[in-house]
Amino acid sequence: EEGGGAADAAAGVRHTLGDLLKHDWSDGDVVFVNSSFFSAELMASLAAKCFALKPGAFVVTLDQPLDAHAPSHSRCLELVDGRRLKTSWGHVKVFTHCRLEPLDGAPPLASPRHLAESRPNSGAKEPKPLAPGRSGQGLRFAPVRSRQEAWSDLDEDLGSSADSKSSDSDSDSGGGSRNSSKASDLDEEGEEGEGSIDSAEENAKTDYLAKYQRSPEEQSRYEAAVRRVTYSDEARLYDELFSSWSADAGRKASDESAEKLATSAKGKKGTSANDDGHHDATLTYGEVLFPTFVVSILERVKHHGGLGPGAKVFTDIGCGTAKPVFAAALSHPFEVCRGVELLGTLFDLATDIADRYKRRIQPQLPRGDPRRDSLRVELWRMDAFADECDWSDSDLVFANATCFSSEMLASFHAKCLVLKPGAFVAMTTNKLLSSHFQVVETSSLHEDWGIATLYILKKVDPDACAGDESANAESAGDESPDAESAGDE
């Protein structure tokens with residue numbers, strides 16, 4: 001049903017009553033979605049719907065970025081800007097996305113063939129040819145910035161209070177607010193092709209790099225690596241494996257198991273239930289994304305000397321639906337990829353996925369490849385920190401430890417102490433504080449809910465480390481030219 005009077009019709013304004021997922025708005029150059037209270041399922045459907053937009057179109061969402069909900073191998077949107085917007089009821093985050101594949105014959109950022117192949121039986125339409133006069137060239141936008149700058153700008157904005165923003169706006173009538181200053185800079189940049197980044201944005205970039213330990217060159221290499229993995233055969237198989245199980249299925253299974261556990265444990269000492277009988281935050285569900293897991297963990301562990309010919313076992317602590325387990329199984333020739341999960345409904349779901357992996361995915365790997373011929377997936381339903389749960393043979397341990405309690409971290413540390421020297425531990429948000437583990441890298445990991453700090457640690461011999469430090473101190477004290485140049489090297 002279309003509303004609006006004659007004046008609206010003359011002005012080209014059209015109102016439509018209907019389901020936004022069923023209505024065809026694929027001709028849009030700019031799409032705005034007030035998505036603050038959208039569910040994860042609706043956001044995922046919206047991301048799939050945006051697949052039909054023309055290359056170069058922009059999508060603006062509130063509070064939730066689309067790229068956190070799109071399937072890992074079918075992302076057609078790039079997050080290009082993030083900032084804060086004042087509304088009548090408060091402040092919201094604003095995320096701007098650009099449909100990939102630049103216009104005017106520029107080299108494509110993504111292959112339509114790969115994107116189509118990555119969405120079997122999805123029913124998504126291929127992007128329509130650009131209609132005359134609807135190429136978006138008449139619209140003026142600030143130059144697309146990198147994801148790094150977008151997130152750093154958003155973090156800086158959210159770190160400032162609303163009062164300071166207001167005072168900045170009113171303090172200098174000649175200079176205006178930070179936002180108006182930035183808008184002026186961006187207009188200048190859009191017209192002349194180059195412009196200066198204001199000090200606030202430069203500080204935001206510095207804060208981002210300090211937090212995630214990546215230089216601009218490293219960030220550029222990281223994004224290129226993520227694209228490479230996103231369009232790999234392994235990513236296609238991974239998406240095929242999980243095509244029937246969304247992140248929402250995992251969350252629902254987790255909530256059901258956690259509530260049952262909390263209800264049965266109510267009033268019992270030493271359980272995972274809180275005083276009100278509800279499960280605690282340590283059972284919060286979260287999922288990794290295939291490309292960032294491979295690039296940020298597996299490839300970085302290899303960079304630091306891990307996952308050599310003798311590396312045979314990968315273990316995921318609290319594996320959920322076992323996404324890291326299968327990501328590791330598809331990406332490296334382990335002998336065993338193991339997941340340990342306490343919650344029964346999640347374990348059952350992971351078991352169903354493992355059965356599909358064995359029947360339909362593993363046979364598609366190349367003949368003669370150890371990933372096809374000898375690798376096996378093990379799923380254990382038990383408390384990963386119990387005495388009877390022995391994963392000390394692991395060469396790489398992953399723990400999505402953002403919601404670990406202090407008691408869980410202590411138990412995890414005790415179990416990790418029996419790992420072999422040279423084994424690696426990758427964990428989010430929290431890290432092991434021990435002389436037995438050396439932090440070889442601190443970076444960030446993109447997950448389905450956002451960004452977490454990632455620590456990669458290596459099991460070492462504390463006595464050997466102490467000896468190396470003494471040797472290094474003696475070498476540093478040597479005043480000879482050769483010693484100085486060696487130190488510089």
Exercise. Is there any pair linking a residue in segment 398-415 that is farther than 13 Å from GLY318 by Cβ to one that is open to solvent by 30 Å² or more (accessible area, probe 1.4 Å) and of a type in the set (Asp, Glu), with Cβ under 9 Å and at least six apart or on different chains, and which?
Worked result: none
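Based on what the data block shows, is ALA235 assigned to a helix (DSSP H, G or I), modelled with pLDDT under 90 and farther than 24 Å from THR442 by Cβ? It would help to see each step written out before you state the result.
Working: assigned to a helix (DSSP H, G or I): yes; modelled with pLDDT under 90: no; farther than 24 Å from THR442 by Cβ: yes.
Judged against the criteria, ALA235 is not a match.
Within segment 380-407, which residues are in contact with a Ser or Thr (Cβ under 6 Å, 6 or more places away or on another chain) and of a type in the set (A, V, I, L, M)?
Narrowing segment 380-407 to residues in contact with a Ser or Thr (Cβ under 6 Å, 6 or more places away or on another chain): 385, 391, 394, 397, 400-403, 405.
Listed by number, the residues that qualify are VAL397, ALA401.
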Seminar exercise, completed: When LYS22 is run through (1) closer than 29 Å to ALA224 by Cβ; (2) modelled with pLDDT of 80 or more, the failure sits at (1)
For this session: Within segment 325-335, track down each residue that is open to solvent by 10 Å² or more (accessible area, probe 1.4 Å) and not acidic (Asp, Glu).
Result: SER331, HIS332, PRO333
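A quick yes/no check of all residues on (1) assigned to a helix (DSSP H, G or I); (2) in contact with an Asp or Glu (Cβ under 8 Å, 6 or more places away or on another chain); (3) at pLDDT below 95; (4) not acidic (Asp, Glu):
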| residue | (1), (2), (3), (4) |
| --- | --- |
| ILE297 | yes, no, no, yes |
| LYS302 | yes, no, no, yes |
| PRO309 | no, no, yes, yes |
| THR315 | no, no, no, yes |
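Would you be able to tell me the number of residues in segment 338-352 that are outside any loop (DSSP other than H, G, I, E, B) and crowded, with 21+ Cβ neighbours inside 10 Å?
Step one: filter segment 338-352 for residues outside any loop (DSSP other than H, G, I, E, B), giving 338-341, 344-352.
Checking the rest, the ones that are also crowded, with 21+ Cβ neighbours inside 10 Å come to 338-341, 346-347, 349-350.
Total meeting the criteria: 8.
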For this session: Report, by residue number, each residue of segment 373-384 that is open to solvent by less than 60 Å² (accessible area, probe 1.4 Å) and either touching a Phe, Trp or Tyr at 6+ places or on another chain (Cβ under 8 Å) or closer than 22 Å to ARG236 by Cβ (or both).
Result: LEU375, VAL377, LEU379, ALA384
For this session: Select from segment 413-440 the residues that are of a type in the set (A, V, I, L, M) and open to solvent by 70 Å² or more (accessible area, probe 1.4 Å) and write down the one among them that is nearest to ALA328 (Cα to Cα).
Result: VAL418
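Going by the conditions given, is THR292 open to solvent by less than 30 Å² (accessible area, probe 1.4 Å), of a type in the set (S, T, N, Q), touching a residue at least 12 places away in the same chain (Cβ under 8 Å) and in a loop (DSSP other than H, G, I, E, B)? It would help to see each step written out before you state the result.
Numbers: open to solvent by less than 30 Å² (accessible area, probe 1.4 Å): yes; of a type in the set (S, T, N, Q): yes; touching a residue at least 12 places away in the same chain (Cβ under 8 Å): yes; in a loop (DSSP other than H, G, I, E, B): no.
Considered against the rule, which asks whether it is open to solvent by less than 30 Å² (accessible area, probe 1.4 Å), of a type in the set (S, T, N, Q), touching a residue at least 12 places away in the same chain (Cβ under 8 Å) and in a loop (DSSP other than H, G, I, E, B), THR292 comes out as no.
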Seminar exercise, completed: Residues of segment 353-372 being free of Cβ contacts under 8 Å to residues at least 12 places away in the same chain and loosely packed, with under 15 Cβ neighbours inside 10 Å, in sequence order, are ASP355, ARG359, PRO363, PRO366, ARG367, GLY368
For this session: Read through the list (1) at pLDDT below 95; (2) of a type in the set (D, E, K, R); (3) outside any helix (DSSP H, G or I), then give the number of the only condition that LYS458 fails.
Result: (1)
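Under the condition of being in contact with a helix residue (DSSP H, G or I) (Cβ under 7 Å, 6 or more places away or on another chain) and farther than 13 Å from PHE32 by Cβ, which residue from segment 46-65 is surrounded by the fewest Cβ atoms within 10 Å (Cβ to Cβ)?
Taking segment 46-65 and keeping what is in contact with a helix residue (DSSP H, G or I) (Cβ under 7 Å, 6 or more places away or on another chain), we get 46-47, 50, 59, 64.
With farther than 13 Å from PHE32 by Cβ added as a condition, the list becomes 47, 64.
Details: ALA47: 23, GLN64: 20.
Taking the candidates together, the pick is GLN64.
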For this session: Filter segment 401-438 down to residues that are part of a loop (DSSP other than H, G, I, E, B), closer than 27 Å to TYR285 by Cβ and small (Gly, Ala, Ser), then give me how many there are.
Result: 3
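The values are calculated or read from the model by the stated rules, or taken from the named source; none is laboratory data. Everything numeric in this text was worked out from a predicted model, so none of it was measured. Every residue, glycine among them, receives a Cβ derived from its backbone with ideal geometry; neighbour counts consider all protein chains shown. Please note that ligands, DNA and RNA were not included when accessible areas were found on the heavy atoms of the full protein model with its side chains. Shrake-Rupley method; radii C 1.70, N 1.55, O 1.52, S 1.80 Å.
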